[in-house]
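**Q** Got a structure here, written out as structure tokens. Questions coming.
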Amino acid sequence: MKERLVELKTEALEKVAQAEDAKALQDVKVQYLGKKGPITEVLRGMGKLPKEERPVIGQMANDVREEISTAIDEKQTKMEEAALEKQLQEETIDVTLPGRPAQTGGPHLLTSLIEEIEDLFIGMGFEIAEGPEVEADYYNFEALNLPKGHPARDMQDSFYITEEILMRTHTSPVQARTMEQHKGKGPVKVICPGKVYRRDTDDATHSHQFTQIEGLLVDKHVRMSDLKGVLNAFAKQMFGEEREIRLRPSFFPFTEPSVEMDISCKMCGGEGCSVCKGTGWIEILGAGMVHPNVLEMAGYDPNEYTGFAFGMGPERIAMLKYGIDDIRHFYTNDVRFLNQFHKA
Ligand SMILES: [Zn+2]
């Protein structure tokens, strides 16, 4: 019986040592120390022993039981410590690592550019005027010398909501509305930024939605030279002091005479290159003296008042200024593109 106990002890301690997880350890505990375990069995069989041997074997069985139990407890503590150590190591925080910068948003390139242009004209005494994007045909076309059936309407074919209401095709209706509010009295000196809509098929240079900034100045004795002076100041501040401007005759229904303004090419300095298509000049905007009919419809006496107006596309200006080759970049909202222009 003594031998059997020694054998059980050796066996059990070996299994405790081999146990690799809490489950295995628990199994050893149940197997050797449980009510149906071999030690209990030994104790049951003591009745067959001579009387004087019973206490010795009983003592020995208890010692073996105690020893196995202690071994199991120790092993369990060790396992818990190891698990904790492992967890601590895995969750170590290196406090010397630099932090990850928080992602901060910023204004869209077009918003920044429009604000830059606004600031520039505010500096020249202009005010900002805004108007509805869903506009009456009257303000979008008729008040701007584009009566129904006028062929120039086709160039701006738009999204009509009803016969008389449409998504505005330019920001010019804001000019018509502003003049009307002034009830025939000058001066009017505004710039009108905003979104406009046309039924264009999207490609590298066209978008069904884009932005415009128009300017209007109406007062007594406004001359073409005033227009040239304002445009020259704008071009130099926007594109650099060394830029020259050039006015070419053009046609718009709401101005007479009408011009296109070019600036000297920044890339080649006027020599001719691929950006300016060999001409040395790049077209920037359209402008002109406000048509007497437009003044009259807005309630001004064209014999007393004159004015000039101009309109430009911020997308085109941004594309020239930053060398962007596709207008769709502005609207697909790919942060990899937008982040390049995000001033920290
Ligand atoms: Zn050039």
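**Q** Could you work out the relative contact order of the chain, using alpha carbon pairs under 8 angstrom and six or more residues apart, expressed as a whole percent?
**A** Over the chain, the number comes to 14 percent.
**Q** What order do you get for 289-302, 87-100, 228-241 when each peptide is scored by the mean count of other beta carbon atoms within 10 Å, highest first?
**A** With the highest mean Cβ count within 10 Å placed first, the list reads 289-302, 228-241, 87-100.
**Q** I've got another one for you. Hey, can you find the accessible area per residue of segment 1-92 for me, probe 1.4 Å, expressed in square angstrom?
**A** On a per-residue basis, 73 Å².
**Q** Calculated from DSSP H runs of 4 or more alone, at -39500 (n - 2.57) each and per residue, what is the 222 nm mean residue ellipticity of the chain, nearest 500?
**A** Computed mean residue ellipticity for the chain: -12500 deg cm²/dmol.
**Q** Any of K23/K51; K2/K36; K15/K51; K220/K266; K195/K236; K35/K86 with alpha carbons more than 29 Å apart? Name them for me.
**A** K23/K51; K15/K51; K220/K266; K35/K86
**Q** Separate question: For F252, what residues show an amide H to amide H distance below 5 Å, using hydrogens built from the backbone and excluding near sequence neighbours?
**A** S258
**Q** Now a separate question. With a 1.4 Å probe and all protein chains kept in place, how do M267, M261, M167, M1 rank by accessible area, largest first? If you can, show how the numbers build up before the last one.
**A** Working: M267 130, M261 0, M167 40, M1 85 Å².
From most exposed to least exposed: M267, M1, M167, M261.
**Q** Could I ask something else about it? For segment 1-69, which GluC sites (Glu not before Pro) are in a loop by DSSP, counting at most 13 other Cβ atoms within 10 Å?
**A** The qualifying sites are E20.
**Q** Under the rule of at least 5 residues apart or a separate chain, name every residue whose amide H is placed under 5 Å from the amide H of T279.
**A** So T279 has HN proximity to C273.
**Q** Going by amide H atoms built from the backbone, whose H comes under 5 Å of the H on S158, apart from near neighbours?
**A** Close amide H contacts, sequence-distant or interchain: R199.
**Q** When the accessible area of segment 2-85 is split by element with a 1.4 Å probe, what percent falls to carbon and sulfur? Show your work: numbers first, answer last.
**A** Numbers: 3060 of 5850 Å².
Taking all protein chains in place, segment 2-85 shows 52 percent carbon and sulfur surface.
**Q** Using only the Cα atoms of segment 109-341, build the gyration tensor, take square roots of its eigenvalues as a ≥ b ≥ c, and label the shape rounded, prolate or oblate: rounded if a/c is under 1.5, else prolate if a/b is larger than b/c, else oblate. It would help to have the intermediate numbers written out before the result.
**A** Working: a/c = 1.71, a/b = 1.24, b/c = 1.38.
Here segment 109-341 falls in the oblate category.
**Q** Could you check how much of the accessible area of segment 197-344 is carbon and sulfur, as a whole percent, using a 1.4 Å probe?
**A** On segment 197-344, the fraction of accessible area on carbon and sulfur atoms equals 50 percent.
**Q** Can you compute 3J(HN,Hα) from phi for each residue in segment 160-176, using the Karplus curve 6.51 cos²θ - 1.76 cosθ + 1.60 with θ = phi - 60°, rounded to whole Hz and x for Gly and Pro?
**A** Per residue, the Karplus-derived 3J(HN,Hα) values read 8, 9, 9, 4, 9, 10, 8, 6, 4, 9, 7, 8, 4, x, 5, 5, 4 Hz.
**Q** Right, next: Using θ = phi - 60° and the Karplus form 6.51 cos²θ - 1.76 cosθ + 1.60, what ³J(HN,Hα) does each residue of segment 328-337 get, whole Hz, x for Gly and Pro?
**A** 5, 4, 5, 10, 7, 6, 7, 4, 5, 6
**Q** Can you work out ³J(HN,Hα) from phi for every residue in segment 127-141, in order, using Karplus 6.51 cos²θ - 1.76 cosθ + 1.60 and θ = phi - 60°, giving whole Hz and x for Gly and Pro?
**A** Once rounded to whole Hz, the list reads 10, 9, 10, 10, x, x, 7, 8, 10, 6, 3, 4, 6, 6, 10.
**Q** Helix 2-18 sits at what angle to the longest principal axis of the chain, using alpha carbons and giving 0 to 90 degrees rounded to 10?
**A** Approximately 10 degrees, to the nearest 10.
**Q** Right, next: Rank these residues by their accessible area, most exposed first, probe 1.4 Å: H150, H221, H206. Write out the running numbers ahead of the final one.
**A** Numbers: H150 45, H221 155, H206 80 Å².
Descending accessible area places them as H221, H206, H150.
**Q** How high is the relative contact order of segment 279-344, in percent, with contacts defined as C-alpha pairs under 8 Å that are six or more residues apart? Spell out each step's value before the answer.
**A** Values: 41 pairs, mean separation 17.5, N = 66.
Result for segment 279-344 is 26 percent.
**Q** So, one more: Given labels modelled 7 Å from the Cα in the Cβ direction, how far is it in nm from M79 to K23?
**A** In this crude spin-label approximation the distance works out to 1.1 nm.
**Q** Here is a further query. Would you kindly enumerate the cysteines in the chain that have no other Cys beta-carbon under 4.7 Å from their beta-carbon?
**A** C192
**Q** Quick one: accessible area per residue over segment 109-341, 1.4 Å probe, rounded to a whole number of Å²? Intermediate values should be presented prior to the final figure.
**A** Details: 11260 Å² over 233 residues.
Each residue of segment 109-341 exposes 48 Å² on average to a 1.4 Å probe.
**Q** Nearest 10 degrees, 0 to 90: what angle lies between the long axis of helix 22-33 and the longest principal axis of the chain (Cα atoms)?
**A** The angle comes out near 20 degrees.
**Q** Among the trypsin sites (Lys or Arg not before Pro) within segment 155-211, which fall in a DSSP loop and have no more than 16 other Cβ atoms within 10 Å of their own Cβ?
**A** The qualifying sites are K183, K185, R199.
The values are calculated or read from the model by the stated rules, or taken from the named source; none is laboratory data. Small disclaimer: the values here were computed from a predicted structure and weren't measured. Glycine also receives a Cβ, built like all others from the backbone with ideal geometry; neighbour counts cover every protein chain displayed. Accessible surface areas use protein heavy atoms only, side chains included; no ligands, DNA or RNA. Shrake-Rupley method; radii C 1.70, N 1.55, O 1.52, S 1.80 Å.
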